[in-house]
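Engineer: Below: one structure in C-alpha cells.
Coordinate-derived values only; no laboratory data. All values reported here derive from a predicted model rather than from experimental measurement. In this analysis, Cβ positions are derived from the backbone assuming ideal geometry, glycine residues included, and neighbour counts consider all displayed protein chains.
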Amino acid sequence: MNLLSEYQILILNLLIDLKKKKIIDFPDKLKGLKVELPPKDQTADISCNVAMLLSKHNNKKPMEIALLLKGYFLEKFKEFEKVEVAKPGFININYSVIFWRDYLLKLVEFKEKYGSSKKSNLNYNIEFVSANPTGPLHVGHCRGAILGDTISNLLIFNGNSVTKEYYVNDYGNQIKNFVKSVYLRILEIVDKKKFPDEPDLYPGDYIIDIAKKIINQNKIVNFSSFDDLYEELQKESLKISIDIIKKNLKDLGVKHDKFIYESDLIKEKLVTKVVEKLKKDNYIYEGKLKAPKGEPTKDWKSRSQTLFKSTNFGDDTDRALQKNDGTWTYFAGDIAYHHHKINRKFDILINILGADHSGYIKRLEASVKALSNDNVKLICKVSQLVKLFKNGVPFKMSKRKGDYITVEDLINEVGVDSVRFMMLSRSNDVELDFDFIKVTEKSKDNPVFYVQYAYARINSIFRMLNLNVENKITVDNKNFSLNNYEIQILKKISEWPRCVETSITKLEPHRIPFYLYDLAVLFHSYWNLGKDKGEYRFTHSDSSIKNPRLLLLQSLANVIKNGMLILGVSTPKSM
C-alpha cells in the first residue's frame, strides 16, 4: 500500500507501453525515475520527474514532454482527478475522491499490518549501548540505547530477523580500576580507611552501594589483601554493576537478546586466532606509523609495530594491534568481536556508537571487509550528545551517582515515554536539546503528549458510542462521500508505508515521531472543528456519515499505535 512505490511502477509500465508505440524513447534502463510527495506549498498528492529524464533522449524540452504525458496519464489512470505540469517539467497529480474512498476501505483490511512490507529474509545484528560495566548508564548512553532499540523495532516490524546485542568490556585497566575502587570503599566501610583522591578511581556513590552489597553477601570474610581477593571481587562487582545496567535498560523498555563478554573472547584466544587469520590473508605486517596529523613530529617516537592494513579498505592510516608491552590494543579486541559476529552468519551488522567514537568507524568497516571478504555489511550510526535544559535554561540535576546524570534520574524526572519519544525527536547525528519542562507540558508544544492524546481521544469517541476501536464497523453504502478534512487525514495516513520504508532504508527512526505529530495535528484540528460545527462530529447521527468516519478513526488509531510501538512509547486509551 505504498502509493509512491506503486505508482512509480505503474508509470514506468505506461512509459514502456508508450515506447513500444514509438511515442517516446528512452534507454532500456530508465534511471532516476521518482514519484514523490510534492513540496508542502503545493496541493498535488504526488509528483513525478519523468519529463526531465526523457527530455534529452527525445530532443524536447521537459515541459513539452510533460504536456505530452499529461494526456496519457489522464487516459490511463482514471483515479487521477487532475494532472498539472509545473516548471521545469514536474507532473503533479491529484487523486479523485473515489480513489480515497476506496483506499480507506482497503486500509480496514490491512489493520495493524498496514505499513509493513514483505520479509526481506535478512539477518541483522545490532549492537548498542555496550557501555563499560563500571557504573550506571547516563544520559549519553540513554540516547544510543533508544536509537538502537527503535531501529531494531523498525526492522522487526518489517519482517526481518534481529539480534539485539550488548558487548561487555569486562577486561583491561578500567575494570582493574573499578574493582580497586570497590575494594577501597569496602575498606572505608569496614576499617574506616579514607577513600583516596586518585584520578583513576571511580568516585560515585554507586561504588559505595556495590561495596555494601558485597559486604552483606558475606562471601568474603577477609578484605586484607587486594591481590588475593581480586578475582572474587571482580566477579561480584561486575555482576552487581551489570545487573544495575540491565535494570536501567529495562526501565527504558530495552531488552538485549545477547550479552557478549570480552573476557570470554580473551579466554578463547580469539584475538590471537583472528590475527593469525589476517596474517594468512596478508592483511598484517610489521612496520612503523607516521606521526598523527597535528602532532609535532619531534614529539613522535616511531617504533616497529604489528599493523593491520586498514588503508586497503579506505581508512586514513594502518592500525596498530599491539601495545608497547605486547598486549593487544582495544582495536584488536574489536576485530575479534566482529569476527565473532561474522561467524554467527549475520547478513548486516549495525553498530550504534557514542559521539566520541565517530573516528573509529573507518577502521571497523575495514576490519569487517577484510574478515568477511566484503560479504558482510557493517553500518555504523553515531548517537550525538544530549544537552539538558529547563525552560530553555541549561539544567544540572543533583548527581548522586557520580559526575553525570543517570538514566534512572532522567526517567524519575519526566517518565519513560517522554524520554524515549524526545530522544528520537532529532536525527541521531545532531546534538539534542532535552527540555524537562516542555516534555511534561500537556499541550501541542509537547509532541509525545499530543500524539498520545490523539489516540486517547479516538478511543473516547468509540466509548461514547459503546464501542471499542477494535470493533468491526459496517458501511452499508460503499459510495459514501469524504470531506476535504477527512481526505487530508487519509493522505497523511497513506504516507505511513513510505515513512517506514525510508526510516528503515536510511536507519533514521526520528522520521516517525515527526510523522506521528503531523498526523496528530490533523486529527486534533478536525476534532476541534467538530466541537464548533455539528456536521463535522465523529458521532454524527447519520450512520452513512458516521461509520466511514469511524473507519477513518480506526485506521488512524492503527497507525498511531504501530508507530508508538516502534518507538517503544505507550498509547493510553484515556488521559
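Engineer: Kindly rank 470-481, 249-260 from highest to lowest mean number of other beta carbons found within 10 Å of each residue. Show your work: numbers first, answer last.
Structural biologist: Values: 470-481: 11.7, 249-260: 17.2.
Per-residue Cβ counts within 10 Å, averaged per peptide and sorted highest first, yield 249-260, 470-481.
Engineer: Here's a follow-up. Looking at Y283, L37, N343, which one has the Cα that reaches farthest to the positive end of the dipole of the chain (charges on Cβ: Lys, Arg +1; Asp, Glu -1)?
Structural biologist: Comparing the listed Cα positions along the dipole, L37 ranks first.
Engineer: Could you line up V393, V407, V469 from fewest to most neighbouring Cβ atoms inside 10 Å?
Structural biologist: V393, V469, V407
Engineer: Rank the residues C499, C380, C48 as a footprinting-exposure proxy: fewest other Cβ atoms within 10 Å of their Cβ go first. Don't jump to the answer; show the numbers that get you there.
Structural biologist: Details: C499 21, C380 17, C48 26.
Arranged by neighbour count, lowest to highest, C499, C380, C48 become C380, C499, C48.
Engineer: Report, in debye and to the nearest 20, how large the dipole of the range 442-567 comes out about its Cα centre when Lys and Arg carry +1 and Asp and Glu carry -1 on their Cβ.
Structural biologist: 160 debye
Engineer: Got a sec? Charge dipole of the chain, +1 on Cβ for Lys and Arg, -1 for Asp and Glu; which of S96, L556, L467 is way out at the positive end?
Structural biologist: Positive-end residue among those listed: S96.
Engineer: Right, another one. Mind checking the angle between helix 226-251 and the chain's longest principal axis? C-alpha axes, 0 to 90 degrees, to the nearest 10.
Structural biologist: 10 degrees
Engineer: Then there is this: Would you please give the residues with an amide H less than 5 Å from that of N123, counting only those at least 5 places away or on a separate chain, with H modeled from the backbone geometry?
Structural biologist: HN-HN under 5 Å from N123: D347, I348.
Engineer: So, in Å, what gap is there between the alpha-carbon centers of the range 119-146 and the range 25-56?
Structural biologist: If we compute the Cα centre of each part, the gap is 39 Å.
Engineer: Give me the distance between the Cα centres of the range 338-359 and the range 501-575, rounded to whole Å.
Structural biologist: Cα centroid of the range 338-359 versus Cα centroid of the range 501-575: 37 Å apart.
Engineer: Mind putting a number on the dipole of the chain about its Cα centre? Charges go on the C-beta only, +1 for Lys and Arg and -1 for Asp and Glu, and I need it in Debye to the nearest 20. The partial results should precede the final answer.
Structural biologist: Values: 90 positive and 72 negative charges, 243 e Å.
It works out to roughly 1160 debye.
Engineer: If each DSSP helix of 4+ residues adds -39,500 (n - 2.57) and the sum is divided by the residues in the chain, what number results at 222 nm, nearest 500 deg cm²/dmol?
Structural biologist: Values: 19 runs with 278 residues, N = 575.
Result for the chain, helices only: -15500 deg cm²/dmol.
Engineer: Shifting gears a bit: In what order do Y453, Y167 fall by count of nearby beta-carbon atoms within 10 Å, going from fewest to most?
Structural biologist: Working: Y453 20, Y167 24.
Lowest to highest Cβ neighbour count: Y453, Y167.
Engineer: Per residue of the range 10-16, what does 6.51 cos²θ - 1.76 cosθ + 1.60 with θ = phi - 60° give for ³J(HN,Hα)? Whole Hz please, x for Gly and Pro, Karplus curve as stated.
Structural biologist: Using θ = phi - 60°, the values come out as 5, 5, 4, 4, 5, 4, 4 Hz.
Engineer: With the calculation restricted to Cα positions, what are the radius of gyration and Dmax of the range 329-380 in angstrom?
Structural biologist: 10.4, 29
Engineer: Next up: Pick out, in residue order, every one of the GluC sites (Glu not before Pro) in the range 374-465 that is DSSP loop and has at most 15 other C-beta atoms within 10 Å; say none if there are none.
Structural biologist: Numbers: sites: E408, E413, E431, E441; in loops: E431, E441.
Hits after loop and neighbour filter: E431, E441.
Engineer: Multiplying the sequence separation of D205 and K21 by 0.36 nm and subtracting their Cα-Cα distance, what value in nm do you get? Display every interim value, and only then the final one.
Structural biologist: Numbers: separation 184, 0.36 × 184 = 66.24 nm, distance 7.90 nm.
Taking 0.36 nm per residue and subtracting the Cα distance, the gain is 58.3 nm.
Engineer: Here's a follow-up. Whole-Hz Karplus ³J(HN,Hα) for the range 121-135, in order, using 6.51 cos²θ - 1.76 cosθ + 1.60 and θ = phi - 60°, x for Gly and Pro?
Structural biologist: Values, residue by residue: 6, 9, 10, 9, 10, 10, 9, 8, 6, 6, 6, 4, x, 10, x Hz.
Engineer: On the principal axes of its Cα set, how long, how wide and how thick is the chain? Give whole Å, largest value first.
Structural biologist: 87, 60, 40
Engineer: Give me the percent relative contact order of the chain, please, defined on Cα pairs under 8 angstrom at least 6 residues apart. Mind dumping the intermediate values first?
Structural biologist: On the way: 844 pairs, mean separation 87.7, N = 575.
Relative contact order for the chain comes out at 15 percent.
Engineer: Right, here's the next one. For a quick check: with amide H placed at 1.01 Å from N, whose amide H comes under 5 Å from F389's, ignoring anything fewer than 5 positions away on the same chain?
Structural biologist: Residues meeting the criterion, in which the H sits 1.01 Å from N, are F395, F434, D435, F436.
Engineer: A follow-up question, please. Within the range 116-193, report the trypsin sites (Lys or Arg not before Pro) that DSSP leaves as loop and that have at most 15 other Cβ atoms within 10 Å. If you can, show how the numbers build up before the last one.
Structural biologist: Details: sites: K118, K119, R143, K164, K176, K180, R185, K192, K193; in loops: K118, K119, K192, K193.
Counting only loop positions with at most 15 other Cβ atoms within 10 Å, the trypsin sites (Lys or Arg not before Pro) in the range 116-193 are K118, K119, K192, K193.
Engineer: At q = 0.16, 0.26 Å⁻¹, work out log10 I(q)/I(0) for the range 3-95 with the Debye formula, treating every Cα as an identical point scatterer and leaving solvent out; two decimals please.
Structural biologist: -0.58, -1.67
Engineer: Can you classify the range 173-251 as rounded, prolate or oblate using the Cα gyration tensor, where a ≥ b ≥ c are the square roots of its eigenvalues, rounded means a/c under 1.5, and otherwise it's prolate if a/b beats b/c and oblate if not? All intermediate terms of the calculation are to be shown ahead of the outcome.
Structural biologist: Working: a/c = 1.57, a/b = 1.31, b/c = 1.20.
Here the range 173-251 falls in the prolate category.
Engineer: Where the only charges are on Cβ atoms (+1 Lys, Arg; -1 Asp, Glu), what is the dipole of the range 173-251 about its Cα centre, to the nearest 20 debye? Each step should come with its number before you reach the end.
Structural biologist: Numbers: 14 positive and 14 negative charges, 61 e Å.
The dipole magnitude comes to about 300 debye.
Engineer: Once phi is turned into ³J(HN,Hα) by the Karplus curve 6.51 cos²θ - 1.76 cosθ + 1.60 with θ = phi - 60°, what whole-Hz value does each residue of the range 405-417 show in order, with x for glycine and proline?
Structural biologist: Result, rounded to whole Hz: 8, 8, 4, 4, 4, 5, 5, 4, 6, 10, x, 5, 4.
Engineer: Go through I210, I240, G172 and say which Cα lies farthest out towards the positive end of the charge dipole of the range 166-312; charges sit on Cβ, +1 for Lys and Arg, -1 for Asp and Glu.
Structural biologist: So the residue we want is G172.
Engineer: Calculate how steeply helix 62-76 sits against the longest principal axis of the alpha-carbon atoms of the chain, using the helix alpha-carbon long axis, and give the answer as 0 to 90 degrees to the nearest 10.
Structural biologist: Long axis of 62-76 versus the principal axis of the chain: about 70 degrees.
Engineer: I need the shape label for the range 466-575. Rule: rounded when a/c is under 1.5, else prolate if a/b > b/c, else oblate, with a, b, c from the alpha carbon gyration tensor. Before the final figure, lay out each step's value.
Structural biologist: Working: a/c = 1.91, a/b = 1.82, b/c = 1.05.
Judged from the Cα gyration tensor, the range 466-575 comes out prolate (a/c at least 1.5, a/b above b/c).
Engineer: Of the listed peptides 562-574, 68-80, what is their order by residue-averaged count of other C-beta atoms within 10 Å, with the highest listed first? Let's see the in-between values first.
Structural biologist: Values: 562-574: 18.8, 68-80: 15.9.
Most protected by this proxy first, the peptides run 562-574, 68-80.
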